[in-house]
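Enquirer: Have a look at the structure that comes next, please.
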Amino acid sequence: MKLVIKDLTKTYKNGVKAIDNLSLEIGTGMFGLLGPNGAGKSSLMRTIATLQSADKGTITFGDINVLEDKMSLRKVLGYLPQSFGVYPKMSAEALLHYFATLKGIASRNDRDKIVNEVLEITNLYDVKNKNVSGYSGGMKQRFGIAQLLLNNPKLIIVDEPTAGLDPAERNRFLNVLREVGTNCTVIFSTHIVEDVKELCNEMAILNGGRILKHTTPIEATAEIENQIWTKVIQRDELEDVEATYNVLSSNYNQDNTLNIRVHGLEIPAEDFIKAKPQLDDVYFMALRQEELISI
């Protein structure tokens, strides 16, 4: 099933235009929605998830008119918001049974089957009797995936799911999401470029409520092959270098020098070295181009 968004606009009462005439098509598989904090990602996710209305535009998922038939969409939706909330002092198993009941799974045998399945998928079966309130951050995120899988969703939305997780928890969470995202449409909203690179077969860069680029991670980096250059500079040189070259990013070295990455169709100067393009370069290029256009 395909999610199709056309001319979607949302402006809040304070005048902030969170979604700006946005159009996008998303098919089966893992789709990364990449953008900085405040880009409009959560506003778009909440609108798709029927948690807020749009000012204009349409959203369809298969034959479901999302904005007009919210209940039909909710039956096939799994949603993990950026903040899942406060958990009661209940075990993971008991809480999943409760959520399953709310989702209309009346039979105890049916609930037992689906609850055990989602606990296995999310690697939480061995800690199913532990209170969720005592879980680590990564375990809570995996529990969030477990609860959204209870209704066998066709559309899954996860909003900034790895923010605040340590590297080990992040890897475990991404592995779970990779497993569940093979047969449905998964929208993975994040500001972490590495998550999209590792997980998604298609992506879009969003800022200011607008799609800046819609591509795949492989195609995006291929487009700038032989166009990324690197050089080590002193800290006090950065301002002058930024005024001269199209600097995409800079990172400190152990000796307190800076390694800069520059975009250019040809070598900027003799002391630059050609570098292999990274998805970060594509991301920073898109944001920089939008910034220059808006000036």
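Enquirer: Check whether at least one residue in the stretch 36-47 is β-branched (V, I, T), under 21 Å from L206 (Cβ atoms), open to solvent by less than 70 Å² (accessible area, probe 1.4 Å) and touching a residue at least 12 places away in the same chain (Cβ under 8 Å), and report yes or no.
Expert: The answer is yes, given that some residue of the stretch 36-47 is β-branched (V, I, T), under 21 Å from L206 (Cβ atoms), open to solvent by less than 70 Å² (accessible area, probe 1.4 Å) and touching a residue at least 12 places away in the same chain (Cβ under 8 Å).
Enquirer: Check M30 against each of (1) open to solvent by 60 Å² or more (accessible area, probe 1.4 Å); (2) touching a Cys at 6+ places or on another chain (Cβ under 8 Å) and name the one condition it does not meet.
Expert: Result: M30 passes all but (1).
Enquirer: Output the qualifying pairs, or none if there are none: Cβ atoms under 8 angstrom, residues six or more apart or on different chains, first residue in the stretch 51-79 and modelled with pLDDT under 95 and of a type in the set (V, I, T), second residue assigned to a helix (DSSP H, G or I) and surrounded by 14 or more Cβ atoms within 10 Å (Cβ to Cβ).
Expert: These pairs meet every condition: V76/N151.
Enquirer: Return yes when K13 is part of a loop (DSSP other than H, G, I, E, B) and either farther than 30 Å from G134 by Cα or open to solvent by 30 Å² or more (accessible area, probe 1.4 Å) (or both) and no when it is not.
Expert: In short, yes.
Enquirer: What is the residue count in the stretch 156-172 for residues that are farther than 18 Å from T182 by Cα and without any contact (Cβ under 8 Å) to a residue 60 or more places away in the chain?
Expert: Total meeting the criteria: 8.
Enquirer: Which residue pairs have Cβ atoms closer than 9 Å, lie 6 or more positions apart in sequence or on different chains, and pair a first residue in the stretch 247-266 that is open to solvent by 60 Å² or more (accessible area, probe 1.4 Å) with a second residue that is basic (K, R) and not in a strand (DSSP E or B)?
Expert: From the stretch 247-266, the pairs are Y252/R235; N256/R235.
Enquirer: Moving to a separate point now. Looking for something more than 30 Å from P81 (Cα to Cα), open to solvent by less than 70 Å² (accessible area, probe 1.4 Å), at pLDDT 95 or above and touching a Gly at 6+ places or on another chain (Cβ under 7 Å) - is there at least one such residue anywhere in the stretch 210-233?
Expert: The answer is yes; a qualifying residue exists.
Enquirer: Does M71 satisfy the condition of being closer than 13 Å to T185 by Cβ and open to solvent by 30 Å² or more (accessible area, probe 1.4 Å)?
Expert: So M71 does not fit the description; no.
Enquirer: Looking at V282, V241, which one is open to solvent by less than 30 Å² (accessible area, probe 1.4 Å), in contact with a helix residue (DSSP H, G or I) (Cβ under 6 Å, 6 or more places away or on another chain) and part of a helix (DSSP H, G or I)?
Expert: Step by step, each of V282, V241 is checked, and only V282 is open to solvent by less than 30 Å² (accessible area, probe 1.4 Å), in contact with a helix residue (DSSP H, G or I) (Cβ under 6 Å, 6 or more places away or on another chain) and part of a helix (DSSP H, G or I).
Enquirer: I've got another one for you. Return the only residue of E237, E194, E223 being under 21 Å from G137 (Cα atoms) and not hydrophobic (A, V, I, L, M, F, W, C).
Expert: None of the other options fit; the residue is E194.
Enquirer: Considering the stretch 114-131 alone, what residues qualify as being under 19 Å from V176 (Cβ atoms) and surrounded by fewer than 14 Cβ atoms within 10 Å (Cβ to Cβ)?
Expert: Once the filter is applied, which keeps residues that are under 19 Å from V176 (Cβ atoms) and surrounded by fewer than 14 Cβ atoms within 10 Å (Cβ to Cβ), the stretch 114-131 yields E120, D126.
The values are calculated or read from the model by the stated rules, or taken from the named source; none is laboratory data. This structure is a prediction, so every number in the text was calculated from the model and none was measured. Every residue, glycine among them, receives a Cβ derived from its backbone with ideal geometry; neighbour counts consider all protein chains shown. Quick note on the areas: whole protein, heavy atoms, side chains included, nothing else; ligands and nucleic acids left out. Shrake-Rupley method; radii C 1.70, N 1.55, O 1.52, S 1.80 Å.
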